[in-house]
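The values are calculated or read from the model by the stated rules, or taken from the named source; none is laboratory data. Computed from a predicted model, the values in this text were never measured in an experiment. Neighbour counts run over all protein chains shown; Cβ positions are idealised from the backbone, glycine included.
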Number of protein chains: 4
Amino acid sequence: MPLNSEQQAEIDEQRAASAETRRATVPAIEEILYQALPVLDHGFVRVVDYMGDDAAIVQAARVSYGRGTRRVQDDAGLIDYLMRHRHSTPFEMCEIKYHVKLPIFVARQWIRHRTANVNEYSARYSVLDREYYLPAPEHLAAQSASNRQGRGEALSAEHAQYVLQLLRDDAERCYAHYEEMLDPDGVGLARELARIDLTLATYTQWYWKIDLHNLFHFLSLRADAHAQFEIRAYAEPMLETVRRWVPLAYAAFTKNRLGAVTLSAPALAVVKRMLAGDSVAQLDSGLSPREWRELMAAIGRSG
Amino acid sequence: MPLNSEQQAEIDEQRAASAETRRATVPAIEEILYQALPVLDHGFVRVVDYMGDDAAIVQAARVSYGRGTRRVQDDAGLIDYLMRHRHSTPFEMCEIKYHVKLPIFVARQWIRHRTANVNEYSARYSVLDREYYLPAPEHLAAQSASNRQGRGEALSAEHAQYVLQLLRDDAERCYAHYEEMLDPDGVGLARELARIDLTLATYTQWYWKIDLHNLFHFLSLRADAHAQFEIRAYAEPMLETVRRWVPLAYAAFTKNRLGAVTLSAPALAVVKRMLAGDSVAQLDSGLSPREWRELMAAIGRSG
Amino acid sequence: MPLNSEQQAEIDEQRAASAETRRATVPAIEEILYQALPVLDHGFVRVVDYMGDDAAIVQAARVSYGRGTRRVQDDAGLIDYLMRHRHSTPFEMCEIKYHVKLPIFVARQWIRHRTANVNEYSARYSVLDREYYLPAPEHLAAQSASNRQGRGEALSAEHAQYVLQLLRDDAERCYAHYEEMLDPDGVGLARELARIDLTLATYTQWYWKIDLHNLFHFLSLRADAHAQFEIRAYAEPMLETVRRWVPLAYAAFTKNRLGAVTLSAPALAVVKRMLAGDSVAQLDSGLSPREWRELMAAIGRSG
Amino acid sequence: MPLNSEQQAEIDEQRAASAETRRATVPAIEEILYQALPVLDHGFVRVVDYMGDDAAIVQAARVSYGRGTRRVQDDAGLIDYLMRHRHSTPFEMCEIKYHVKLPIFVARQWIRHRTANVNEYSARYSVLDREYYLPAPEHLAAQSASNRQGRGEALSAEHAQYVLQLLRDDAERCYAHYEEMLDPDGVGLARELARIDLTLATYTQWYWKIDLHNLFHFLSLRADAHAQFEIRAYAEPMLETVRRWVPLAYAAFTKNRLGAVTLSAPALAVVKRMLAGDSVAQLDSGLSPREWRELMAAIGRSG
């Protein structure tokens, strides 16, 4: 359970309050505002604020005085056009703020996206909770043989149990030592030092704020099949928050980015030859074996 | 008058609508939301959206689950502390969006601030209005003799009249030629080419979105006495919008940044000697004449 | 001619000097270092410094202690892989600095790329030269009928002459007034004010520094057929400087970005159907007429 | 010892090679190029490339065609002026690249500086070495009583020994389990999962590239007495690399930033009253007790 009752009460209190505003407001995202969407075993992601809506994208693209919007169909067409042609600046006019609780090793991947604002819980200043990530047994997998940075087959039940036991014991022991070192009636070690004994599975949390263009970039990398499962687990509910917030932009993103493929110059040449009725094989394609496999997968050929 | 009646009607319509929201809401900024605050002869700045409030700064600094706020006095103290010690990330959690109409030469200074989002009205895509900046006679000044990038004395009335005549004639003539070249029944020149005949006094407009930390940085440079008058003219009403929006952060900014001075190591040494009762002269101060003047001005000494 | 003899002498002097360095050095870019490559009628772009080479990309991707490089063939393969899979950070490890002279309206498009460092010649501090852009007659074109932000047919010779006359006269008159207003024995107007009378065709100049990843992004937008001719005129010699500097990265960029196409989800579905032997028409394609035309153009079909 | 003999050989090989270049070259930084400067028990920082020198700052500030430089004294004065008045863009024209080996908890503080380029060694792709940070006994300190994010007194010898034993045992045990879980003849767990069992004391490494302006910002925060000792340990040799590289900029930074103090508006008012001969006490100063202590410390008064 990611929240204790005090935290849940604070959230409930905030959800109960409301005010009048002249700003662009989106009921579907208001509905889940502040709610913690659970991720992994102790994590969550929750939307704590947002600025703008689909119409704000249109408004900025047109630099208009009012809503800038005409019929929904026109807005959808314009937003799709902007996405397709990578006119990214109108999407930067929408902003969203999340509160995220996540294991430190996930936080280290996440923070590589630099065009965002972050306030992380400080373990120099405060004591971290006894919470660490323990994968579900079905997510414990062997090193992939074909992909140096991926997972292969699931571990056997025995191996999985063995690994979980090691991970749990190490996390527990390290946390117990952390607490012991901090104890002001004992050693009383400085927090900034004691924390170095914790494992990378320990949960941290942060406020993270980003504009919609950069969020789409983040999601296109982190909702991708090549991303590590544990960060994808965050990207997925975030995609759903975006769908609620800016449904037209979300549709354009799904169509033109998530579901799209890019063909390199030689891959395009292969497709053109195939469309012209040529039979093309990897050896005479100008593509490496790996590129050939990637292309065949993209166009749904067995290769 | 910066707005025509159609634009004013669009703004009025947007001001008339309101909705319920669970988000942090600030009545004092809602009050002026969408309103065009006039600047220079045809320009304006208007707030078109905002995210967060003073409590959001506190909330992010504490990475809290609820409002994060306690008593107003505590929040004020924390915000002042964050500003004084340059803990900038909590201020990045607030975001504001402006619609600005401004002369191109001002836009060129403004855009140098890179950590912001911009959508500018496109003169490749649309036709610019016949609007150009003409300084008020009292703002026409001679080149400063002492400061290579500043203004000195006001021009004489005759000189001012002469300059205004030149500026007005050139702007009018160039705009008339712009229109003539664009005329589809005449030359029909491409918009992206015709615009190159306009002067730098021509007004453009954009949507500009920025977080509070970077806005403070912008304002500390652009509300400064060394900034060109025409960009200061924008910074001043923007300061007022910030005061309405986040009064505690604004107070901390005024106290610790706008009204503060930085003493270099040798300037600090001079102040220490003076406080110890030494009489210090520029020659034995370790400061250059210019630094000496800057220090004397800062500490209110005649020098 | 973009350079006067004094400027050329300064450049020649700098080209004549050399030193020993342990840094990664690329003879093909050294060869043209500091040289002004002419662009448009008075502009230029010249490389004034660079950091890194193809091996530096490999070195960063591997976080190695030495050159990180193995055989050229391996490096080429790794760089192509990084580019294809949008692993952008190793490309950020190379940096280049240009000195560019360009018309103000081009500078205004250019500066929209924010992830770069810029120092522009200050017209508050110094006086601009009497240099303005006048298009070659063959580049004067009518507004495109089909593309709201593009050029269509070339103007007739008469119309072209007429337009050039207007542009030249306005630029000359405005510059003459600029000089007159500045004259310290006359009005002596502040430089920061006098400049507002100049047209957008006036040349400015700047130092511009950027990493290779962001340069590729700039070039993919600005060497594109949709970019305005006058900025493409800069992108082209810049592409050539990149080819000299990092030939493997340049090849990967050409193959996977410049010459690539992205197929949206429905466009990909159309291609799959076509490859399966279906005959597909726009009406049953799921694509809008515009998307259909774009796809047919991309895959070399008449549509 | 931070380097093994193979790594040292790679570095020596790179140091032995040299080439002719027309670029700005700085012998004092060339002298230490590629050398690992040891930090903490297993870390290092080494300069692997640089672009520009003091003259490049001057050159960019003047947007000049040649070196832009006059007499050393003039350059020093201009650079000091630029630093004093926070004209930051000319300093952005110099760039430096480091290779750093550092504990993960230090990396997590470091990465918060977003305006830099980073390539980190990937523990998804490769196996981390058995290297973890163990503080020297004299750096083990108790939590500060007065400063929530600082250290107070050193631990007693017994407590220090006890803490070191815990930290060593936990790091060793976690690393042993990491290796065991990775063993392809045993469990063969995916690298991206096995690493989560490591502690935050584990060393990682990265290539880190930054411009001089942002490096000064980083150093002003991380060489500060409020920074955690373990990141200051990196900032200090980095300051020395900057002193070798751009001595004039370094002097200006030391004088106007590192050794400077900023007085808030009320603190300035207090200093003015004191200079006028008033005796001021905290209670009538307009400053909080904490601000009063900070001011007295800054101006060298006992308070």
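Which of (1) in the same structural domain as C:L215 (by TED's automatic domain parsing); (2) part of a loop (DSSP other than H, G, I, E, B) is the odd one out, the single condition C:Q109 does not satisfy?
(2)
For C:V280, only one of the following conditions fails: (1) assigned by TED's automatic domain parsing to the domain that holds C:A56; (2) surrounded by fewer than 20 Cβ atoms within 10 Å (Cβ to Cβ); (3) of a type outside the set (D, E). What is its number?
Of the numbered conditions (1) assigned by TED's automatic domain parsing to the domain that holds C:A56; (2) surrounded by fewer than 20 Cβ atoms within 10 Å (Cβ to Cβ); (3) of a type outside the set (D, E), the odd one out for C:V280 is (1).
Residue by residue, here is whether (1) closer than 29 Å to C:M83 by Cβ; (2) assigned by TED's automatic domain parsing to the domain that holds C:W245; (3) without any contact (Cβ under 8 Å) to a residue 60 or more places away in the chain holds:
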site: C:R15; (1), (2), (3): no, yes, yes
site: C:R23; (1), (2), (3): yes, yes, yes
site: C:E31; (1), (2), (3): yes, yes, no
site: C:G43; (1), (2), (3): no, yes, no
site: C:V47; (1), (2), (3): yes, yes, no
site: C:G52; (1), (2), (3): yes, yes, no
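Exactly one condition in (1) at the interface with chain C (Cβ under 9 Å from one of its Cβ atoms); (2) part of a helix (DSSP H, G or I); (3) touching a strand residue (DSSP E or B) at 6+ places or on another chain (Cβ under 7 Å) is false for D:I29; which is it?
Answer for D:I29: the failing condition is (1).
For segment C:183-203, indicate whether the set of residues that are of a type outside the set (D, E) and under 20 Å from C:V48 (Cα atoms) is non-empty. So that I can check it myself, show each step before the final result.
Taking segment C:183-203 as the starting set, the residues that turn out to be of a type outside the set (D, E) are C:184, C:186-191, C:193-196, C:198-203.
Then drop every residue that is not under 20 Å from C:V48 (Cα atoms), which leaves C:203.
So far as segment C:183-203 goes, yes, one or more of its residues are of a type outside the set (D, E) and under 20 Å from C:V48 (Cα atoms).
Since A:A225 meets every condition but one in (1) farther than 30 Å from A:S88 by Cβ; (2) free of Cβ contacts under 8 Å to residues at least 24 places away in the same chain, which condition does it not meet?
(1)
Does at least one position in segment C:192-202 carry a residue that is in a loop (DSSP other than H, G, I, E, B), more than 19 Å from the chain's Cα centre (by Cα) and either surrounded by 21 or more Cβ atoms within 10 Å (Cβ to Cβ) or outside the structural domain of C:H42 (by TED's automatic domain parsing) (or both)?
So far as segment C:192-202 goes, yes, one or more of its residues are in a loop (DSSP other than H, G, I, E, B), more than 19 Å from the chain's Cα centre (by Cα) and either surrounded by 21 or more Cβ atoms within 10 Å (Cβ to Cβ) or outside the structural domain of C:H42 (by TED's automatic domain parsing) (or both).
Residue check, B:E20 against (1) modelled with pLDDT of 95 or more; (2) in a helix (DSSP H, G or I), all met but one. Which one?
Single failed check for B:E20: (2).
Go through segment D:39-86 and count every residue that is at pLDDT below 95 and not in a helix (DSSP H, G or I).
Residues in segment D:39-86 being at pLDDT below 95 and not in a helix (DSSP H, G or I): 11 in total.
Tell me, which residue of segment D:283-295 that is buried (at least 16 other Cβ atoms within 10 Å of the Cβ) and among the hydrophobic types (A, V, I, L, M, F, W, C) is farthest from the chain's Cα centre (by Cα)?
Ranking the candidates gives D:L287 first.
Considering only segment D:135-152, how many residues are in contact with an Asp or Glu (Cβ under 9 Å, 6 or more places away or on another chain) and surrounded by 18 or more Cβ atoms within 10 Å (Cβ to Cβ)?
6
Which of the residues spanning segment B:56-110 are closer than 24 Å to D:S220 by Cα and surrounded by 24 or more Cβ atoms within 10 Å (Cβ to Cβ)?
Those that are closer than 24 Å to D:S220 by Cα and surrounded by 24 or more Cβ atoms within 10 Å (Cβ to Cβ): B:I57, B:A60, B:I79, B:M83, B:P90, B:F91, B:M93.
Name the single residue that is surrounded by the fewest Cβ atoms within 10 Å (Cβ to Cβ) among those in segment B:153-184 being facing chain C (nearest Cβ under 10 Å) and of a type in the set (D, E).
B:E158
Which numbered condition in (1) in contact with a His (Cβ under 9 Å, 6 or more places away or on another chain); (2) in contact (Cβ under 8 Å) with a residue 12 or more places away in the chain; (3) surrounded by fewer than 18 Cβ atoms within 10 Å (Cβ to Cβ) is the only one that B:N117 fails?
(3)
Residue pairs, Cβ under 8 Å, 6 or more apart or interchain, first in segment C:56-68 and over 18 Å from C:H213 (Cβ atoms), second part of a loop (DSSP other than H, G, I, E, B). List them.
C:Y65/D:L3
Taking helices (runs of 4 or more DSSP H) that do not extend beyond segment A:207-288, which have at least 1 residues that are in contact with a helix residue (DSSP H, G or I) (Cβ under 7 Å, 6 or more places away or on another chain) and facing chain C (nearest Cβ under 10 Å)?
Correct list: A:212-222, A:247-253, A:265-275.
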